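**Student:** Sharing a structure here in structure tokens format.
No lab work stands behind these numbers, since they all come straight from the coordinates. This structure is a prediction, so every number in the text was calculated from the model and none was measured. FYI the Cβ positions are ideal-geometry reconstructions off the backbone, even for glycines, and counts take in every protein chain you see.
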Amino acid sequence: MKLEEVPTPEPGPGEVLMEVAAVSVNRTLDCIVRSGKYPRPVKLPHILGVDPVGTVVATGNGVTDRKLGDRIAMTLHLSRPGEPLNLIGIDCWGGYAKYLKLPVRNTYLLPEKLDFHTACVVARHAPLAHNMLRNKVKLQSGEWVLVMGAAGGLASFIVQIAKHLGARVIAAAGTDHHVEVALGLGAEHGINYRKQDLTAEVRKITGGKGAQVVCENIGDPELFPKAFAALAMRGRMVTAGGHGGGVVPLHIFNLYAKNTTIYGSTEQTTEDMMESLKAAADGHLKALIDQVLPLSEAVQAHQIIEGRGGTGKVLLAPE
């Protein structure tokens, strides 16, 4: 990757031009895409960045619901339902840039009290977390939920939202520090799955029944079976990630004998986004941010993410 000067894009009909304030660096949709290992190759030259936030500085013909100076976030899915998948930062140029044009229908106004850095992280992960818990597994108050990788970008919001929904949250992570971070976000119990027997600890905490819900966004071949075995009868597992490799063994007997359901989804709604941004603005959601680097240091940002160091998101901000 290298920094280059290119012409500033011009918004077409139904589009706005965003001056980017911040964009996050993601392990899958940035680092793996850059490495050429993502299932859908990109066309070079390419600009990464799936979740920029910023300010509207120009509007195309027909745009009436956004004006100059509006502070906006966006969703990475540019295609409409039924259309071929079209993702910003993968199928077209993304937000590692000072300016980005995008369809106005993909933009969301930021609440006045919400800063750009927090908004970037919240818009990327919290809407999906809301959708996974409420729409997919339909988490109920009082249920036990095991959250794997609990201090990660998506999982940290799952911990907070599950707590808000009245669930009893068990935070599992690979270091004592990350367990403590998740406990600070509202988890009731913590497990270091590199030091402790994950399945046994969940059984102990839940009185031998297991967790009604497991949020497993790692896809590690050693950890996945342990998390799956921690499910209670008629338990539900939901997943939207595979940083640990993504190919895992599945104990089929436990799947049918325990009437288990597994959900996989990256869906989110407009309501999920709007509620997430409002919750963050009102102080009900905390975004974990490790550091903010200038856009010119994107290479270093990728090295940090690939080194699995730090806690929270790494952001890039155009100079």
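**Student:** Whose amide H sits under 5 Å from the amide H of Ile191, counting only residues 5 or more places off or on another chain, with H placed in the peptide plane?
**Tutor:** Ala171, Ala172, Ala173
**Student:** Suppose the chain between Lys163 and Lys37 were pulled fully straight at 0.36 nm per residue; how much longer would it get relative to their current alpha carbon spacing? Write down the numbers at each step before the final one.
**Tutor:** Details: separation 126, 0.36 × 126 = 45.36 nm, distance 3.54 nm.
Computed gain between Lys163 and Lys37 is 41.8 nm.
**Student:** Rank by packing, highest mean first: peptides 190-202, 251-263, with packing defined as the count of other Cβ atoms within 10 Å averaged across residues. Numbers along the way, then the final one.
**Tutor:** Working: 190-202: 18.5, 251-263: 12.7.
Ranking, from highest mean packing down: 190-202, 251-263.
**Student:** So, one more: Taking the Cα centre of the range 126-264 as the origin, how large is its charge dipole in debye, to the nearest 20, when only Lys and Arg (+1) and Asp and Glu (-1) carry charge on their Cβ atoms? List each step's numbers first, then the result.
**Tutor:** On the way: 14 positive and 9 negative charges, 101 e Å.
Its charge dipole is roughly 480 debye.
**Student:** Ok, one more. Farthest toward the dipole's positive end in the range 126-264, which of Ile191, Thr206, Ala155, given Cβ charges of +1 (Lys, Arg) and -1 (Asp, Glu) about the Cα centre?
**Tutor:** It is Thr206.
**Student:** Is the shape of the range 126-264 best called rounded, prolate or oblate, per the rule: a/c under 1.5 gives rounded, else a/b larger than b/c gives prolate, else oblate, with a ≥ b ≥ c the square roots of the Cα gyration tensor eigenvalues?
**Tutor:** On the way: a/c = 1.23, a/b = 1.12, b/c = 1.09.
Rounded, since a/c falls under 1.5.
**Student:** Ordered by residue, what ³J(HN,Hα) values in Hz, to whole numbers, does the range 9-25 give under the Karplus form 6.51 cos²θ - 1.76 cosθ + 1.60, where θ = phi - 60° and Gly and Pro are x?
**Tutor:** Working through the residues one at a time gives x, 10, x, x, x, x, 10, 10, 9, 9, 8, 6, 9, 6, 8, 8, 10 Hz.
**Student:** While we're looking at this one, here's another question. Just name one of Val121, Gly235, Gln303: the one whose Cα is farthest towards the positive end of the charge dipole of the chain (beta-carbon charges, Lys/Arg +1, Asp/Glu -1).
**Tutor:** Comparing the listed Cα positions along the dipole, Gly235 ranks first.
**Student:** Additional query: Farthest toward the dipole's positive end in the range 50-110, which of Gly95, Leu68, Leu110, given Cβ charges of +1 (Lys, Arg) and -1 (Asp, Glu) about the Cα centre?
**Tutor:** Value computed over the given set: Leu68.
**Student:** Can you list residues from other chains, or at least 5 along the same chain, whose modelled amide H is less than 5 Å from the amide H of Ile262?
**Tutor:** Met237
**Student:** Quick one: what are the phi-derived ³J(HN,Hα) couplings along the range 51-68, Karplus 6.51/-1.76/1.60 with θ = phi - 60°, whole Hz, x for glycine and proline?
**Tutor:** 9, x, 10, x, 10, 6, 10, 7, 10, x, 4, x, 8, 10, 9, 9, 10, 4
**Student:** For the range 40-45, just list the computed ³J(HN,Hα) in residue order, Karplus coefficients 6.51, -1.76 and 1.60, θ = phi - 60°, integers in Hz, with x standing in for Gly and Pro.
**Tutor:** Each residue of the range 40-45 in turn: 10, x, 9, 9, 8, x Hz.
**Student:** Placing unit charges on C-beta atoms (Lys and Arg positive, Asp and Glu negative, everything else neutral), compute the dipole magnitude of the chain about its Cα centre in debye, rounded to 20.
**Tutor:** Numbers: 33 positive and 31 negative charges, 203 e Å.
Its charge dipole is roughly 980 debye.
**Student:** While we're on this one: Apply 1/(1 + (r/R0)^6) to the Cβ-Cβ distance of Phe253 and Arg194, taking R0 = 30 Å, and write down the FRET efficiency to the nearest 0.05.
**Tutor:** Working: r = 27 Å, r/R0 = 0.89.
Rounded to the nearest 0.05, the efficiency is 0.65.
**Student:** With 10 angstrom as the radius, rank Leu293, Leu68 by how many other C-beta atoms surround their C-beta, starting from the fewest.
**Tutor:** Working: Leu293 17, Leu68 11.
If I rank by nearby Cβ atoms, fewest first, I get Leu68, Leu293.
**Student:** Another one. Helix 270-281 sits at what angle to the longest principal axis of the chain, using alpha carbons and giving 0 to 90 degrees rounded to 10?
**Tutor:** 90
**Student:** Quick query: amide H of Gly219 versus all other amide H atoms, modeled in the peptide plane; which residues come in under 5 Å with a sequence gap of 5 or more or a different chain?
**Tutor:** Residues meeting the amide H criterion: Gly244.
**Student:** Taking neighbour Cβ counts within 10 Å as the exposure measure, how do His130, His117 sort from fewest upward?
**Tutor:** Values: His130 24, His117 18.
So the residues, fewest neighbours to most, are His117, His130.
**Student:** I've got another one for you. By DSSP, what percent of the beta bridges with both residues in the chain are antiparallel, rounded to the nearest 5? Walk me through the numbers on the way to the answer.
**Tutor:** Working: 20 of 46 bridges.
Taking every DSSP beta bridge with both residues in the chain, the antiparallel ones total about 45 percent.
**Student:** May I pose another question? Treating only the Cβ atoms of Lys and Arg (+1) and Asp and Glu (-1) as charged, compute the dipole magnitude of the range 43-180 about its Cα centre; round to the nearest 20 debye. Each step should come with its number before you reach the end.
**Tutor:** Details: 15 positive and 10 negative charges, 71 e Å.
Roughly 340 debye for the range 43-180.
**Student:** Here is a follow-up. List the lysines whose alpha-carbon lies under 25 Å from that of Lys138, not counting same-chain residues fewer than 8 positions away?
**Tutor:** The qualifying lysines are Lys163, Lys204, Lys209, Lys226, Lys258, Lys278, Lys286.
**Student:** Roughly how many Å is it from the Cα centre of the range 102-142 to that of the range 210-239, as a whole number?
**Tutor:** Result: 24 Å between the Cα centres.
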